[in-house]
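No value in this document is a laboratory result; all are computed from the given coordinates. Only a predicted model underlies this, so the values are computations on that prediction, with no experimental measurement involved. Every residue, glycine among them, receives a Cβ derived from its backbone with ideal geometry; neighbour counts consider all protein chains shown.
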Amino acid sequence: MKKLVIVLAVAMLSVGAFGRDFVDPAVVTNDNTNIHSQDNSLATSWCAYKAYPWTWGGHWEWDSINVATIKVYMDVGMWVSVYNCTGLKIKVNQDTVTTYSGSTTMKVSCNIPLTFGYSWAPESTFIGALDGDPSFSPSSLTPGTNQVVTVTLKLKNVDLSAYAGGTNCQFIGTLTVKVKPTLTVTIPSSGGC
């Protein structure tokens, strides 16, 4: 009797050493999409696998199997970088009695095509006006790194009576450089990626 029990136990363990099928080994149809579980292949829309058998690595364990692939997407943002952006200065020099001009260069890196704009905020005691718009050369950029842009500023009707004679490096205003992307806006579809 003991021999019979041992034989039955060994027989049961040997059967249990193989993994069972977790899906029907036959071709399964769902929403008109065939799942080829018999040959363990990933289906187009539905994924199913026939389970692998047990393996022995010091203890019984399942083999890991691939059951899905996930595509990963991202939106790429737009960026602009100006080297030393808070340390740029324009020193204007006198052209005539009441006109002044000056320029500086800045290094611009960007991942989008863009054009330049500006705003001008004169110091409260400064008397004078911009002589036309400040110029940017080149006036637009394509994506790239360390692109040199020359900014030129002209002033007219300048009256220096508010400032003490002989003053060096008198602050007279702030020119703020602006950029605008020129790429075509792509609106994502309702389904996203």
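If you take the beta carbon distance between Ser139 and Trp79 as r and set R0 to 25 Å, what does 1/(1 + (r/R0)^6) give as a FRET efficiency, to the nearest 0.05?
Working: r = 20 Å, r/R0 = 0.81.
It comes to 0.80.
Given 0.36 nm per residue, what is the gain on full extension from Val185 to Asn146 after removing their alpha carbon distance, in nm? Before the final figure, lay out each step's value.
Numbers: separation 39, 0.36 × 39 = 14.04 nm, distance 2.53 nm.
Length difference between fully extended and current span is 11.5 nm.
With each label point set 7 Å from Cα along the Cα-Cβ vector, what nm distance links Tyr163 and Trp62?
7.9 nm
Please list the non-local residues whose amide H lies under 5 Å from the amide H of Ile112, H modeled 1.01 Å from N, same-chain partners needing a gap of 5 or more.
Close amide H contacts, sequence-distant or interchain: Trp79, Gly144.
Going 7 Å from the Cα of Thr98 toward and past its Cβ, which residues in region 132-176 have a backbone nitrogen under 12 Å from where you end up?
156-160
Hey, what do the phi angles of region 61-66 turn into as Karplus ³J(HN,Hα) couplings, whole Hz, using 6.51/-1.76/1.60 and θ = phi - 60°, x for Gly and Pro?
In residue order, the calculated couplings are 8, 7, 6, 7, 10, 7 Hz.
Could you work out the relative contact order of region 80-181? I mean the mean sequence separation of Cα pairs under 8 Å and 6+ apart, divided by the number of residues, in percent. Provide the component values of the computation, followed by the final result.
Values: 195 pairs, mean separation 37.2, N = 102.
For region 80-181, the relative contact order is 36 percent.
Which peptide among 107-120, 71-84, 168-181 comes first, and what is the full order, when sorted by highest mean count of other Cβ atoms within 10 Å?
Details: 107-120: 16.0, 71-84: 9.1, 168-181: 12.2.
Taking the mean over residues of other Cβ atoms within 10 Å, the ranking is 107-120, 168-181, 71-84.
For region 80-181, count the residues as N, evaluate 2.2 N^0.38 Å, and divide the Cα radius of gyration by that value, please. Mind dumping the intermediate values first?
Values: Rg = 15.0 Å, N = 102, 2.2 N^0.38 = 12.8 Å.
So region 80-181 has a normalised radius of gyration of 1.17.
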